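Asker: Before I ask anything, let me first share the structure, which is written out below as structure tokens.
Rule-based calculations on the coordinates, nothing more; no lab input. Predicted, not measured: the structure shown is a model, and the values here were computed from it. Because the Cβ atoms are built from the backbone with ideal geometry, glycine has one as well, and the counts that use them run over all protein chains shown.
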Amino acid sequence: MKKTHIVLILIIAIGIGSMFTLLGNSSTYADFKEAMESKEEVHVAGTLDRTKPMEYNPEINPNKFSFYMLDRNGNGKHVILLKSKPNDFERSQQVVIVGSIKGNDFVANDILMKCPSKYNDGKLIVAK
Amino acid sequence: MEINYIGEQTLWGELGHFFVVLAFVTAFFSVIANVFRVQNAINDVGWKITARSLYITHAVAVIGIFTTLLLMIVAHRFEYQYVWQHSKRDMPMNYVLACVWEGQEGSTLLWLLWHSVIGLVLMRRSKEWEAPVMSVLSLVQVFLSMMLLGIYFGNIHIGSNPFELMRLKESNLGLPWTKIPDYLSKIALFRDGRGLNPLLQNYWMTIHPPTLFLGFALTTVPFAFAIGGLWTKKYYEWQKPALTWAYIGVMVLGIGILMGGAWAYESLSFGGFWAWDPVENASLVPWLVLVGAAHVMLLYRNKGQSLFTTFFLCIATFLLIVYSTFLTKSGILSDTSVHAFTDDGLNEELTVFMGFFLWLSVLLLAFNWRLKIIYTGIAVIVLLRFLDGQHASSMFILLLASLLVMIIGYIKYFPKQKEEEDLWSREFWMFIGALILLAAAFQISFYTSSPVVNKFLKIESVHHFFQWVESTTHWTWSSKLVEANMAPGNSDRVVLFYNKWQIPFAFLVCLLMAVTQFFKYKQTDFKLFARQLFRSFLISLIITVPLVWFIYFNSSYIHVVGEKRGIYILCSFLLFASIFSLLANADYLFKILKGKFKKAGASIAHIGFAILIIGIVISTSKKDTISRNTSRVDISSFTDQGSNAENIYLKKGDTLKMGDYFVTYRKKERIIKDGTPYVFFNVDFLTKGKDGISKLDFTLRPFIQLNPFMGNAAEPDTRHFIHKDIYTFIKFVDAASLVDTVDEAMKKSQLFDKPQNHTIAKGDTISLDNCIAVVDNVFKIDSTNANYSNDEYGIAATFKVFDGLMKTELITAYYFINKITGVTRQVDAIDEKIGVKFTFWKVQPNENKIDVYSAVKLSEKADFIVMEASIFPGINILWMGCLIMAIGIFIAIVERKRKNNLDKS
């Protein structure tokens, strides 16, 4: 066996190792129901529930923003985001929150937003 | 019925689309002509002229597409979807180019354009390689121009045409307005386009995409040479011309990626220059592989070893570029990345693009006709399966088959050299270095690909397999494989995870960079080698230990918790390795090369890279977010990290301590530049002098760009010092206060904001900017009420108002109608403390509902900002490293060209 082969095997081992650490280090996509069961960190995708109030009082705490969100199955939940209120949050089309259920709320420490401002699909809706 | 549309100029679109079709057709025939030349008539002048004129026509057509689109934007032809969506009237001319490549089609066009230009250069310079290389390049062009075709075959939709009219766009077909002949003048929306996304309106958008796409296009050249070499069975000769191109690719793509980082740092509010975002990773991965490829090719040129690896890496680089395009354009990342495109229906086309070139490459790497036939058979089955709609499983089979065929081809049929590298030789360690780069690229790529991995895991048989594994072994990791639902985790954790893996890789790469030049090809005298390196080793140790002590393990280290401690230790090692690398290469440059700069390209590039790493390590690991949550509420109980308190709340006029500074939010200014309104927030940074009196040090002006169509975009402002940067940006600002900057004086005279109407019933909730109000009760008043009068009917509405502290106040609004005249009057409900007013002005007759205007008080209270401020120490080291690296590679390219010319004469 050549030295290069030994090194190659080592590198492949590292490669496979990195594949397995992905499993250890990833969270999962879930809806609110599954999030309630797992209690672990999950990603929930859905939309902002516009019928319910949002709350942001930066004077008291600039790093806390709460709102109601509907997951993809239409189930709602109160979400506490431990960050500032994202700019243009009202315009978001889709929200992905990362966090876990604590008590009755979903406590999120990260948020991803899709706004019409990002690479939009160019659909034009004209009221007529 | 044919409608005669007024004001449309369809000639533009027809011309543009004609060029697209022409580009596609000529690319296709250029492939055929060039393939024919390779197979039958390499010296035939007639075929040479045919092939060349086809390609030149193709290049002209591509330039034609680009020019037409550009002119359409300049001429404001808003009846065209692309023009309407990406440009607008009052936009300054310097963003016109940015508009061309903002969209998905435009960026493909940019790639196409660079390929055309490179092809013209290749045609002139590559001599005996012209026919095979041009075949491959034209083939790539066929696929790329297909992505702009926008034609339908039954249900199959090929490409997306940038010259499509708005009314003919699929999603608009059949809508009523498309039937109006004069829709262009009638519908206000068409008078102006939507314009460029505000985040993209800066000079970076003009220079970053072309550089990046030039880098992308350059990776095609080594690939084309590798394929050409395999095809014509000239396994050795292709490397000489390809190596120079690979160097140029390393330089341009590297600059392109770092430009992206600089852009993110300077004008996007990502909070740094690298966020390990999937889209960033997708361009970093091919670069790492290309760097590996360039090194192994150099090795082969000098020593004649690792031939297979050169093929593999050159091919992998190109396939990874296509894969990165797939990741960013197919919409597969839309849940995990902030700046990926959404699905444009290009998914399948890009997959076929990728699959085709994978098949072609592995076919040539099989080296045995029987194996080739079997592999092609599998590929055909895969294609049929794919067209049948089973995308994930067919790609999975192709991937497995390709891997298998490549391994069999290598082991059984590939001619290998007998001689083994000496352990103490340069070639051995350079090879190892390339493998480490490959491993690093693999790790990034795999983690970035988690949505793709999920798709593979959802394939039925794969799913069953892992179900079986889980039921037999009960391993915890197998349940995740069964769920096939992996997500990357929150952004802090993603960054931590990448760092944990990539810092050790970078450490190894830096060590190898330091020592490898001191090895000689073939064999090295170990004693001499050790003696040469000992001094740099010792000096770097002497520098690193106190440095690390000072920046990491100082008195604040006890406050560092959890995995960050591990990262500090890893960073210390990496700092040592990069300093060692810097010194060893400098030593090599001066002692061994005796300062001959012409030959020092490699050393200088390595010095640059080492400096770049030092800059990255220091600025990211010691990035200090100095804005803190100064509120009364402790939020650490909500979070495990306890570190989410990164924003500061600044009321106008208040001075708060932030890091070593005192900051004051002094005022905001509204400025209109190029037709777009901006609001600048002036934040003064004060420092305490020796006399104890604070004085103004500098002012930062982070700003928000207002854009009614696309939303407001916050952009940072940074104060540059030699040793550090102070970086601030606005995280949140009250939307109402942005509008009110027009006239501060007017605002003060006006007590309440513009009223908003609500149609409500008892029990409803109204949510406002500064409070939430619940309609407590709606009732008819009687004589017991103080506001009662005999001439009028009176209705009262009571509101419970909650402000941020959840304090409840009950206020009442009245509405009266005179029994005789029908004249109405209102008594407002006002809560002075919270600053809100309700005007009850109408009763909905049948529905038990009432109409109420709400208005929020405009006071100084609304004028605040929520800001994040960070210190990036040593970020200039990073930029300096980048520059030195680029210079080094450039010197190496020049030297390579000179050597190639010498070989010829």
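Asker: With a/c under 1.5 counting as rounded, go ahead and sort region B:147-221 into rounded, prolate or oblate using the C-alpha gyration tensor (a ≥ b ≥ c being the square roots of the eigenvalues; past the cut-off, prolate if a/b is larger than b/c, else oblate).
Answerer: oblate
Asker: Roughly how far apart, in whole Å, are the Cα centres of region B:1-22 and region B:164-192?
Answerer: For region B:1-22 versus region B:164-192, the Cα centre distance is 14 Å.
Asker: Here is a follow-up. Among A:Tyr68, B:Tyr498, rank each residue by its count of other Cβ atoms within 10 Å, from fewest to most, as a rough exposure measure.
Answerer: Final ranking by Cβ density, sparse to dense: A:Tyr68, B:Tyr498.
Asker: Can you give the translational diffusion coefficient of region B:775-854 in µm²/s, computed by Stokes-Einstein from the Kirkwood radius over Cα pairs at 4 °C and 1.567 mPa s?
Answerer: Once the numbers are plugged in, D ends up at 97 µm²/s.
Asker: Pop a pseudo-label 7 angstrom from the Cα along the beta-carbon direction at both B:Leu384 and B:Tyr557 and give the gap in nm to one decimal.
Answerer: About 6.6 nm, to one decimal.
Asker: Within 10 Å of each Cβ of A:26-32, how many other protein chain Cβ atoms are there on average?
Answerer: For peptide A:26-32, the averaged partner shielding equals 6.
Asker: PRE reach from B:Asn155 (point 7 Å along Cα→Cβ): which of region B:378-392 fall under 13 Å by backbone N?
Answerer: B:387-390
Asker: Still on this structure: If one puts a single equal scatterer on every Cα of chain B and applies the Debye formula without solvent, what log₁₀ I(q)/I(0) results at q = 0.05, 0.09, 0.10 Å⁻¹?
Answerer: At q = 0.05, 0.09, 0.10 Å⁻¹ the computed log10 ratios are -0.38, -1.11, -1.30.
Asker: Enter the Cα centre distance for the pair region B:241-316 and region B:871-885, rounded to the nearest angstrom.
Answerer: Taking the Cα centre of region B:871-885 as reference, the centre of region B:241-316 is 19 Å away.
Asker: Once you sort the root eigenvalues of the Cα gyration tensor of region B:371-520 as a ≥ b ≥ c, which label holds: rounded (a/c under 1.5), prolate (a/b larger than b/c) or oblate (the other case)?
Answerer: oblate
Asker: Can you give the average number of partner chain beta-carbon atoms within 10 Å of each beta-carbon in peptide A:63-70, as a whole number?
Answerer: 3
Asker: At 222 nm, what value in deg cm²/dmol follows for chain B if DSSP H runs of at least 4 each add -39500 (n - 2.57) and the sum is divided by all its residues, to the nearest 500?
Answerer: About -17500 deg cm²/dmol.
Asker: What percentages make up the Cα-Cα pair-distance distribution of the protein assembly as shown when the bins are 20 Å wide from 0?
Answerer: Pair shares across the bins are 11, 38, 36, 12, 3, 0.
Asker: Please list B:603-614, A:99-110 highest first by mean number of surrounding beta-carbon atoms within 10 Å per residue.
Answerer: Top of the packing list down: B:603-614, A:99-110.
Asker: Between B:Asp791 and B:Ala761, what is the FRET efficiency for a Förster distance of 22 Å, r being their Cβ-Cβ separation, to the nearest 0.05?
Answerer: 0.20
Asker: Moving to a separate point now. Order B:100-110, B:356-366 from most to least packed using the mean count of other Cβ atoms within 10 Å. Kindly include the intermediate steps, with their values, before the conclusion.
Answerer: On the way: B:100-110: 22.9, B:356-366: 20.8.
For the peptides B:100-110, B:356-366, the packing ranking is B:100-110, B:356-366.
Asker: Let me ask something else about it. For peptide B:300-306, how many partner chain Cβ atoms fall within 10 Å of a residue's Cβ, on average? Spell out each step's value before the answer.
Answerer: On the way: counts 0, 0, 0, 0, 0, 1, 1.
Mean partner shielding for this stretch: 0.
Asker: Sorting B:Val25, B:Val62 on the 10 Å Cβ count, fewest up front, what's the list? Walk me through the numbers on the way to the answer.
Answerer: Working: B:Val25 16, B:Val62 28.
With the fewest neighbours first, B:Val25, B:Val62 line up as B:Val25, B:Val62.
Asker: For chain A, what does -39500 (n - 2.57) per DSSP helix run (n ≥ 4), summed and divided by total residues, give at 222 nm, in deg cm²/dmol to the nearest 500?
Answerer: Per the formula, -7500 deg cm²/dmol.
Asker: For the pair B:Leu399/B:Asp674, report the inter-label distance in nm, with labels modelled 7 Å from Cα in the Cβ direction.
Answerer: Using points 7 Å along Cα→Cβ, the separation is 4.1 nm.
Asker: Which whole-number percentage describes the relative contact order of chain B, with Cα contacts under 8 Å and a sequence gap of 6 or more?
Answerer: Once divided by the residue count of chain B, the mean separation gives 9 percent.
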